[in-house]
Amino acid sequence: MDEKEISKITVYTLKLVEQTIGPEEFEELNSILSANPDAARHYNSLMMMISNFQDRGKEIVYDEITIEGALKNAFWKEMADYERTALAVEISKEEPEKEDKTLTEIRKIRPKVSKLSIYSLLLCSATLIFVIAYAHLISMRHGIEVATLSDSMNAKWADIASPVEKGTRLVTGEKRWLLREGYAELLFDNQARVVLEGPAEFQILAEDRVGLSYGKVYARVPQTAVGFSVYTPNAKIIDLGTEFGVQVEIGGNTQLHVLKGKTMLMAGKTDRVNMEISQGNARKISGKTGEISDICCRPNHFVRVINSESNCVWRGQNLDLADIVGGGNGFGSGTIGMSIDPTSGKPSSKPEGRRGASNDYRLVASIPYVDGVFVPNGRSQQIVSSQGHLFQECPETTGLTCENIINVTTNVDFLVTQTQYVSDASLRAISMHANMGITFDLQAMRGLIKGVDIQRFQSQFGIRRYAVRPSASNADFWVLVDGKLKFKKEHVKIGQFHSIDIELSENDRFLTLMITEGDDPETRFLEDMVLTAIDSDWGIFIDPVLVLSPK
Amino acid sequence: MMKEADNSPKYKLFIRLLTANQKRIYGFIYALMPNQAASEDIMQQTSLFMWEHFDDFREGTNFSAWGITIARNLVRQYCRKQKRSLITFDSQAIENLIDQSDVFETQDDQITALRHCFKKLQSYEQEMLRMRYIQRIRVPEIAENLNRTTGHIYRVMARIHNSLLKCIKRQLSS
């Protein structure tokens with residue numbers, strides 16, 4: 001490697017660490033590292049040096065340990081030498097201080113207290129002592145049932161002899177529960193909800209207190225349970241009306257991520273620190289030194305909600321509608337390439353050619369979260385849901401369509417437009433040629449993960465690049481909620497790229513996405529070719545998601 | 001606060017070894033996958049795996065080399081599973097980085113050498129590194145403060161880092 005190349009690798013590595021590297025620079029760095037083992041060695045050495053600077057910078061830059069250590073050693077050595085050789089110093093006996101003989105007469109005044117006051121005081125004290133003793137007794141008592149295992153998924157517990165099943169009551173005490181794999185949700189009697197992700201070891205310390213030896217826990221605490229706490233080997237986290245996640249690493253570090261509201265963090269080994277940590281903030285408490293440091297709050301780091309009935313694990317991510325088209329639950333279980341035939345409502349993995357169809361609303365029985373599909377033509381009333389919702393403004397079309405409604409990735413459309421670069425080549429998308437419509441059942445999705453609200457629909461959209469005759473593309477995009485028009489963009493052509501963001505309420509039942517042929521005539525001519533109205537109208541909804549939020 | 005998960009001598013030994021070696025294992029993971037969140041996840045998985053298989057570890061052998069071997073397998077698995085947008089190198093680059101990962105074994109020696117080499121830098125070079133790593137100012141901000149272009153400061157930083165690396169190499173070989 002020459003100096004120039006070494007310099008280039010170093011610049012790119014520094015940028016990579018600071019996350020200021022561009023896609024092309026990263027690609028170039030990747031190519032260099034792939035092609036040249038010496039470059040890989042240089043990169044590793046550099047990374048280690050940067051990591052040393054980041055972790056032990058003060059020690060390196062200020063030579064703290066060496067200087068301080070040396071000074072300290074020199075000081076004690078000098079001190080010891082001095083003590084060995086110094087002459088004894090006679091310490092004279094101190095004269096006791098003479099008492100000040102000046103006396104001031106102090107008249108003792110006895111306060112007058114009534115017997116009633118004394119009895120009241122005694123009674124109050126006795127009550128107070130009883131209350132404190134009782135509270136202490138309660139908190140120390142073991143074996144009180146305080147929580148229920150409300151749900152679990154793929155859970156493997158260490159204690160095979162006594163299986164922990166849904167509905168099991170958990171008692172306070174010394175018992176350490178070891179969840180080897182999977183997920184478990186505990187509902188405390190005060191309504192605090194705790195989700196554990198295996199491997200995790202925990203204890204139920206009291207009716208409002210969990211001890212976590214290691215693993216991850218996420219707590220959702222309602223107002224009725226404010227004060228709920230998680231204890232770790234080196235910290236206490238006390239809820240102040242909030243949602244938060246705690247992770248205890250196997251090495252003893254504790255991480256606290258506050259996603260809603262605020263908590264009180266108590267930590268530190270020699271100097272105890274109490275601090276309020278509010279929403280969007282996170283701290284790491286070193287297991288070794290007790291030092292507290294700021295870290296990035298990671299909203300998707302903890303499993304927040306589980307639902308064994310729908311086999312759902314929710315970490316705060318959005319619900320992916322493309323995954324649902326692929327037969328999944330919206331969290332990645334769907335199949336890429338799977339599709340729904342808009343002319344029959346049946347799932348299909350085969351490509352279908354151009355064809356005409358009536359505008360009947362066809363139920364999709366195979367996917368619980370898709371209500372139905374249709375080929376809009378606007379010539380008669382256009383039904384857009386199983387509840388008979390009508391789309392009054394549906395444009396008139398030829399009733400032709402091509403292909404199916406497909407769950408795809410944008411790998412096939414790496415460059416959606418000539419100018420817009422889509423950096424993530426593996427984004428999920430729904431491919432829908434004109435003229436097609438699909439209606440999602442929001443109510444069914446709400447049952448997928450209870451305790452979570454659907455807040456918005458967001459997506460990007462455009463025309464797929466692989467249209468054979470790009471200049472012929474021209475399509476209209478529509479979004480309806482319960483048959484009511486919420487968004488439209490007409491005459492979208494290849495090279496254009498748009499976004500949708502629609503607010504949804506808890507009363508909204510159906511969400512419909514529709515693409516039509518953009519008012520093109522039934523027959524048109526392009527470079528001596530006769531084209532149909534739907535020619536090259538390969539619509540695509542990229543990253544179509546429902547944004548979720550805990551209730 | 002709770003007691004430690006396990007106060008057995010085995011656990012204490014494990015924690016001692018992990019504490020002494022986790023920085024270099026993490027450094028290795030981060031070099032392969034320059035994404036803090038993903039690297040922390042892999043580090044955590046590696047620690048758990050090492051604890052679960054600690055009976056297989058023979059005391060006196062190289063703990064960090066064992067950890068790095070486990071971490072590299074977990075990184076491979078992670079990259080295979082990861083479908084979404086995560087900046088990672090391609091498989092050939094990762095293989096090369098793994099082949100050259102023995103440099104992470106010399107972390108303690110490197111720190112001693114780095115301390116020595118840092119003193120040999122020009123004072124303005126030392127100041128640049130202090131700004132970057134002690135005051136944690138990123139290069140674009142340093143450039144703004146010094147009224148220079150970002151590209152210029154990156155090149156200066158690269159030169160300083162490269163001269164430190166050369167010095168360390170000399171130190172370690174002597």
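Observations on the model:
- Exactly one residue among A:219, A:225 is away from every other protein chain (no Cβ under 12 Å), among the aliphatic types (A, V, I, L, M) and out of contact with any strand residue (DSSP E or B) (no Cβ under 6 Å at 6 or more places or on another chain), and that residue is A:225.
Here's the yes/no breakdown for (1) in a strand (DSSP E or B); (2) more than 19 Å from the chain's Cα centre (by Cα); (3) surrounded by fewer than 22 Cβ atoms within 10 Å (Cβ to Cβ); (4) within 12 Å of chain B (Cβ to nearest Cβ):
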{"position": "A:180", "(1), (2), (3), (4)": "yes, yes, yes, yes"}
{"position": "A:185", "(1), (2), (3), (4)": "yes, no, no, no"}
{"position": "A:190", "(1), (2), (3), (4)": "no, yes, yes, no"}
{"position": "A:195", "(1), (2), (3), (4)": "yes, no, no, no"}
{"position": "A:214", "(1), (2), (3), (4)": "yes, yes, no, yes"}
{"position": "A:240", "(1), (2), (3), (4)": "yes, yes, yes, no"}
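- Residues that are more than 18 Å from residue A:252 (Cα to Cα), at pLDDT 80 or above and of a type outside the set (Lys, Arg) number at least 3 in the following helices (runs of 4 or more DSSP H) confined to segment B:1-113: B:9-32, B:63-81, B:91-99.
- Filter result for residue A:34 (within 7 Å of chain B (Cβ to nearest Cβ) and within 16 Å of residue B:103 (Cα to Cα)): no
- Residue in segment A:356-368 that is out of contact with any Lys or Arg (no Cβ under 8 Å at 6 or more places or on another chain), of a type in the set (Val, Ile, Thr), more than 23 Å from residue A:446 (Cβ to Cβ) and surrounded by 13 or more Cβ atoms within 10 Å (Cβ to Cβ) present: no
- All conditions in (1) at pLDDT below 50; (2) closer than 20 Å to residue A:215 by Cα hold for residue A:160, with the sole exception of (1).
- Every condition in (1) facing another protein chain (nearest Cβ under 7 Å); (2) of a type outside the set (Lys, Arg); (3) within 19 Å of residue B:36 (Cα to Cα) is met by residue A:7 except one, and the failing one is (3).
- Evaluation of residue B:93 against (1) closer than 17 Å to residue B:24 by Cα; (2) surrounded by 20 or more Cβ atoms within 10 Å (Cβ to Cβ) (one fails), failing number: (1)
- Any hit, segment B:77-96, residues being facing chain A (nearest Cβ under 8 Å) and either farther than 25 Å from residue A:40 by Cβ or touching a residue at least 60 places away in the same chain (Cβ under 8 Å) (or both): yes
- Count of segment B:139-161 residues which are within 7 Å of chain A (Cβ to nearest Cβ) and either hydrophobic (A, V, I, L, M, F, W, C) or crowded, with 19+ Cβ neighbours inside 10 Å (or both): 5
- Residue A:343 vs. criteria among the hydroxyl-bearing types (Ser, Thr, Tyr) and without any contact (Cβ under 8 Å) to a residue 60 or more places away in the chain: yes
- Checked against (1) of a type outside the set (Val, Ile, Thr); (2) part of a loop (DSSP other than H, G, I, E, B); (3) surrounded by 22 or more Cβ atoms within 10 Å (Cβ to Cβ), residue A:174 meets all criteria but (3).
- Selected residue (criterion: farthest from the chain's Cα centre (by Cα)) from residues of segment A:217-236 that are in a helix (DSSP H, G or I) and of a type in the set (S, T, N, Q): A:224
- Positions within segment B:37-68 being exposed (fewer than 15 other Cβ atoms within 10 Å of the Cβ) and either under 25 Å from residue A:52 (Cβ atoms) or more than 9 Å from chain A (Cβ to nearest Cβ) (or both), in sequence order: B:37, B:53, B:55, B:56, B:58, B:59, B:60, B:61, B:62
- Filter pass, residue B:111 being surrounded by 16 or more Cβ atoms within 10 Å (Cβ to Cβ) and more than 8 Å from chain A (Cβ to nearest Cβ): no
The values are calculated or read from the model by the stated rules, or taken from the named source; none is laboratory data. The shown structure was predicted, so the numbers you read here are calculated from the model rather than taken from an experiment. Using ideal geometry, Cβ is built from the backbone for each residue, glycine included, and neighbour counts are taken over all protein chains shown.
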